[in-house]
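J.: Attaching a single structure in structure tokens format; questions to follow.
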Amino acid sequence: MADPSVSELLASAVAALGGSEREGQVRMAEAVARAFDTGEHLAVQAGTGTGKSLAYLVPAIARALADESPVVVSTATIALQRQLVDRDLPRLATALEKVLPRRPTFALLKGRRNYLCLNKIHTGIAEESDAEPQAELFDPFAASALGRDVQRLTAWAEDTDTGDRDDLKPGVPERSWSQVSVSARECVGAVRCQYGTDCFAERARAVAGEADIVVTNHALLAIDAISDTTVLPEHRLLVIDEAHELTDRVTSVATAELSATMLSVAVRRVGRLVSPELVSRLDAASLTFGSAIHDGTPGRMDHLDDELATYLAALRDAAGAARAAIAPPQAGGTPSALADPKAAAARKESVAALTEIADTAARILTSFEPAIPDRYDVVWLSHEDNRGSVRAVLRVAPLSVAGLLRERLFARATTVLTSATLTVGGSFDAMAGDWGLRRGEDPQAARWRGLDVGSPFAHAKAGILYVAKHLPPPGRDGTGTAEQLDEIAALITAAGGRTLGLFSSMRAARSAAEAMRERLDTPVLCQGDDTTGALVEQFADDAETSLFGTLSLWQGVDVPGPSLSLVLIDRIPFPRPDDPLLTARQRAITARGGNGFMAVAANHAALLLAQGAGRLLRGTDDRGVVAVLDSRMATARYAGYLRASLPPFWATTDSAKVRLALQRLRGA
């Protein structure tokens, strides 16, 4: 008897789960299976409600069992990871168990920082805080709260089976968690660690190494791809969900920074491990560098002045000398960690900190040497508010990660990239270019194709795109004009609440929320009033409530039903004109003869608009309006390009028609 096809497996799974097949879901599953067979990378845009998780999990499971080789699934958000591991995969494994050779297995794998470190807890290192001592002088409660958190985490280490931070309820602040966890660089290694056999991170890796489907996140995928450290099981097939986030997540992993805070922590760490002369040398280099960036002018650095270059070189050399003095024993020597685990852990953490400092300083220095296409770095100085004082940070990030992804990700595994929003201006090319997938006759270009399987929603009948063409263009101060606030009040009144307001800044969101609370009889919540989860729950539970927020809400709200009938977008979400990385990318494209504004700023805005508009229709019975209160969406030369990135709603600029439609939706 022949093995069942992917379409037959999908039909069995959907039937067992009590659902119904959708045309787009079947097309996607067949395309994923074909990509796995041919080795051709695949970008799939699948609208909300398509059932894309099943569409890639079914062929992934079938192929993993046929090849006895794992398929890795990477996601951007914890919510989707949990959905896959806690709901989709267990149900799917049960549904397909009778039609597959055996029951498929799966595992969730995260970075080492997400797991408790038993060595750090039991050797007493967790009691030594790396936080700035000055902070505790001004806030004694912070020190006592940190101690209570560490005690709680130490007790939890005896009860938990996973040591996974996400399993800790309620959670703890990052400062507390850092006392009981280590990075991959800081880990002394399972062989040398006296707790190696019980290590939560190692146990998770061992389970993942035996699983058919390994679920991970984009950050860990990036570390595995661009570093020399192997953290994921060896694999030839990869699925990237929420693929619109990939470039930003990889860029984040590839970004490094130097600040006075991290330097002072390193100096304290090495104090007992190296000679006073080396400590003094590192301390002097750190203080001089910290003073220089504190007094520097924030923004992108197009050149490195001689003074800062001298300070960076001194910092690089001082950190390198201290690292050489305390480098751990070579592999194969006496596993001294077993004899003195606390000392070994302290050495490893210090070496990791010094390596990061030396490598980052060296990277910044070399960033101003002749550039390599797709590889050179952008350097900028930020001055950030830190409890009323200025925190100066010098950062370095790759101008583009396309080359890294092309050589270190797509060259190693056949990859399926999927999301509800992958086309920009109606084409996959912009996103594919950011990933390093190129078209044309270049023999080095990876083979790929794009597929839009559509959406189960009848957008033109279910939704209206309203552009407030009559409003003046938005001002530069980030807050709404009087005319815009009038428009918001009229629309929310017509909708009877039921509004998600998506704003370009927290200042704009708060200003609008305060104004609406004075004008409206229905409740208005604002991001920051409570945790995002609690606010979304309140919003979903009360149909008359409106919720205002900024970028992080654009992708985190999933509220089907009558509680959401109106999505307000205050302005086209172009990147900030002072964003050093995006402006550098824009300038680089312009210098090569391209249209930097369209390739960077317009594409950035188009993707975020599509994500925002995607909050409206979450179920097949949903109806409503997406209102863009930025007249440029109707009048600017790039308006058509931006609208082409949105779902095909029925479009209008008539505010009276829109208010009547909203009134009908609430039954007024």
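The values are calculated or read from the model by the stated rules, or taken from the named source; none is laboratory data. As the structure is a computational prediction, the values presented were derived from the model and not from experiment. Virtual Cβ from ideal backbone geometry, glycine too; neighbours counted across all protein chains shown. In case anyone asks, the SASA skips ligands and DNA or RNA and just uses the protein heavy atoms, side chains included. Shrake-Rupley method; radii C 1.70, N 1.55, O 1.52, S 1.80 Å.
J.: Out of the GluC sites (Glu not before Pro) in the stretch 200-305, which ones are loop residues according to DSSP with at most 15 other C-beta atoms within 10 Å? Walk me through the numbers before you get to the answer.
T.: Numbers: sites: E202, E210, E234, E242, E245, E257, E277; in loops: E234, E242.
Within the stretch 200-305, the qualifying GluC sites (Glu not before Pro) (loop, at most 15 other Cβ atoms within 10 Å) are E234.
J.: Can you give the Rg to Rh ratio for the stretch 459-667, taking only C-alpha atoms and Rh from Kirkwood?
T.: Numbers: Rg = 16.6 Å, Rh = 17.2 Å.
We get a ratio of 0.97 for the stretch 459-667.
J.: Based solely on its DSSP helices, what 222 nm [θ] is calculated for the chain when runs of n ≥ 4 H residues each add -39,500 (n - 2.57) and the sum is averaged over all residues, nearest 500 deg cm²/dmol? Write down the numbers at each step before the final one.
T.: Values: 29 runs with 298 residues, N = 668.
Calculated from helices alone, the mean residue ellipticity at 222 nm is -13000 deg cm²/dmol.
J.: Leaving out ligands and nucleic acids, note down the accessible area per residue over the stretch 459-667 with a 1.4 angstrom probe, in whole Å².
T.: 43 Å²
J.: Select from the chain the helices, each a whole stretch of DSSP H, whose alpha-carbon atoms run 18 Å or more along the helix axis and whose Kyte-Doolittle mean is at least 0.0; answer none if there are none.
T.: Values: long enough: 23-38 (22 Å, -0.24); 52-67 (23 Å, 0.84); 140-156 (24 Å, 0.08); 276-295 (28 Å, 0.25); 306-326 (30 Å, 0.49); 341-366 (37 Å, 0.20); 482-495 (20 Å, 0.78); 506-519 (20 Å, -0.93).
The answer, listed by residue number, is 52-67, 140-156, 276-295, 306-326, 341-366, 482-495.
J.: To the nearest 20 debye, what charge dipole does the chain have about its Cα centre, counting +1 at the Cβ of each Lys and Arg and -1 at the Cβ of each Asp and Glu? Don't skip to the answer; put the middle values down first.
T.: Numbers: 71 positive and 83 negative charges, 210 e Å.
That gives the chain a dipole magnitude of about 1000 debye.
J.: Please express the shape of the stretch 225-292 as an equivalent ellipsoid: the semi-axes are the square roots of 5 times the eigenvalues of the C-alpha gyration tensor, given largest first in whole angstrom.
T.: Values: eigenvalues 292, 56, 12 Å².
After scaling each eigenvalue by five and taking roots: 38, 17, 8 Å.
J.: Here is a follow-up. Output the pairs from K52/K98; K98/K169; K110/K348; K52/K169 with a Cα-Cα distance over 28 Å in this structure; if there are none, say none. Before the final figure, lay out the partial values.
T.: Numbers: K52/K98 23 Å; K98/K169 36 Å; K110/K348 21 Å; K52/K169 30 Å.
Those over the limit are K98/K169; K52/K169.
J.: Another question, if that's okay. Please report, as a whole percent, how much of the solvent-accessible surface of the chain comes from carbon and sulfur atoms (probe radius 1.4 Å). Could you put the intermediate results ahead of the total?
T.: Numbers: 15100 of 29830 Å².
Using a 1.4 Å probe with all protein chains present, the chain comes out at 51 percent carbon and sulfur.
J.: On to the next question. May I ask you to list the trypsin sites (Lys or Arg not before Pro) in the stretch 211-310 that are in a DSSP loop and have at most 16 other Cβ atoms within 10 Å of their Cβ?
T.: Numbers: sites: R236, R249, R268, R269, R272, R281, R300; in loops: R236, R272.
Hits after loop and neighbour filter: R236, R272.
J.: Now a separate question. At a Cα cut-off below 23 Å, give the lysines reachable from K657, other chains included and same-chain residues fewer than 8 away excluded.
T.: Leaving aside lysines fewer than 8 places away in the same chain, those within reach of K657 are K461, K469.
J.: Tell me, what is the per residue accessible area of the stretch 179-291 in Å², probe radius 1.4 Å? Can you show the working numbers first?
T.: Values: 4750 Å² over 113 residues.
Each residue of the stretch 179-291 exposes 42 Å² on average to a 1.4 Å probe.
J.: A further question follows. Taking the convex hull of the alpha carbon atoms in the chain, what volume per residue do you get, in Å³? Before the final figure, lay out the partial values.
T.: Working: hull volume 119.3 nm³, N = 668.
Measuring per residue, one finds 179 Å³ for the Cα hull of the chain.
J.: With a/c under 1.5 counting as rounded, go ahead and sort the stretch 472-546 into rounded, prolate or oblate using the C-alpha gyration tensor (a ≥ b ≥ c being the square roots of the eigenvalues; past the cut-off, prolate if a/b is larger than b/c, else oblate). If you can, show how the numbers build up before the last one.
T.: Values: a/c = 2.32, a/b = 1.34, b/c = 1.73.
Taking the square roots of the gyration eigenvalues as a ≥ b ≥ c, the stretch 472-546 is oblate.
J.: Mind checking the per residue accessible area of the stretch 88-127 for me, 1.4 Å probe, whole number of Å²? Display every interim value, and only then the final one.
T.: On the way: 1700 Å² over 40 residues.
Dividing the accessible area of the stretch 88-127 by its residue count gives 43 Å².
J.: I've got another one for you. Long-range amide H contacts for L422: which residues qualify at under 5 Å (H placed 1.01 Å from N, peptide plane, sequence gap of 5 or more or a different chain)?
T.: Counting only residues 5 or more places away or on other chains, the set is empty.
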